[in-house]
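Right, one structure below, let's go through it.
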Amino acid sequence: MHLEIQLALNYLLQNLYHKLPRRRVNLFGEELSSQLKQKYANHWYVGNPVKGSAFRCLKTPTDPLISSAAAAVNVPLADIVEHLPPDLWIWIDPGEVSYRVGGGGTVRVLWKGNRETNGQLGWNATGWSMEDDLTFEPEDENAKGKMHFR
């Protein structure tokens, strides 16, 4: 759950960096992460990832967790909403993070974990590392390159 939330937040927060002070973005991200983990704690079904998927959807700009996290760290909600894509939906499910921009847009997979490791850190001959297929590859116009998590 922690990895999926972090990947979703990385995608969301990339829209705020270079537009708002880094410290404010980091505080907002940390608070939103904490609130998402608390919300999803009893709604994380590794054996049935689609169960509860709608509950684990983060929608901008109207999701109450976005306004709650902004208020908790004294960042004006208007500053955050101004720089997020309108009508962005991010589904944070066990083993997969996907998103859609716009009501009729295509759902794209942002990250999909290895089924054997379920997106967890694993031991290999070189030490602890992420599996090779754990990549962050957004396909929208806001994306800048490709980030690999190793």
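Where in the range 1-85 are there helices (runs of 4 or more DSSP H), lying wholly inside it, with at least 1 residues that are among the acidic types (Asp, Glu) and surrounded by fewer than 16 Cβ atoms within 10 Å (Cβ to Cβ)?
22-40, 77-83
Which residues, counting only those in the range 86-105, are part of a strand (DSSP E or B), within 20 Å of residue 6 (Cβ to Cβ) and either in contact (Cβ under 8 Å) with a residue 40 or more places away in the chain or of a type in the set (A, V, I, L, M) (or both)?
Passing the criteria: 88, 90, 92, 93, 96, 97, 99.
Would you please list the contacts, defined by Cβ atoms under 6 Å and residues six or more apart or on different chains, that run from a residue in the range 25-50 that is among the acidic types (Asp, Glu) to a residue that is not in a loop (DSSP other than H, G, I, E, B)?
Listed by first residue and then by second, the contacts come to 31/69; 31/72.
Cβ-Cβ under 7 Å, sequence separation 6+ or interchain: first residue in the range 68-85 and without any contact (Cβ under 8 Å) to a residue 60 or more places away in the chain and under 14 Å from residue 22 (Cα atoms), partner surrounded by 17 or more Cβ atoms within 10 Å (Cβ to Cβ) and of a type in the set (Lys, Arg). Which pairs?
75/24
Quick check: anything in the range 61-71 more than 27 Å from residue 104 (Cα to Cα), modelled with pLDDT of 95 or more and under 15 Å from the mean Cα position of the chain (by Cα)?
yes
Is it true that some residue in the range 12-33 is over 15 Å from residue 76 (Cα atoms), modelled with pLDDT of 95 or more and among the charged types (D, E, K, R)?
Checked against the condition, which is being over 15 Å from residue 76 (Cα atoms), modelled with pLDDT of 95 or more and among the charged types (D, E, K, R), the range 12-33 yields at least one hit.
Which residue out of 30, 4, 82, 96 is among the acidic types (Asp, Glu) and farther than 21 Å from residue 110 by Cα?
Exactly one of 30, 4, 82, 96 is among the acidic types (Asp, Glu) and farther than 21 Å from residue 110 by Cα, namely 82.
The values are calculated or read from the model by the stated rules, or taken from the named source; none is laboratory data. Note that the structure is predicted; figures quoted are calculated from it, not measured. Using ideal geometry, Cβ is built from the backbone for each residue, glycine included, and neighbour counts are taken over all protein chains shown.
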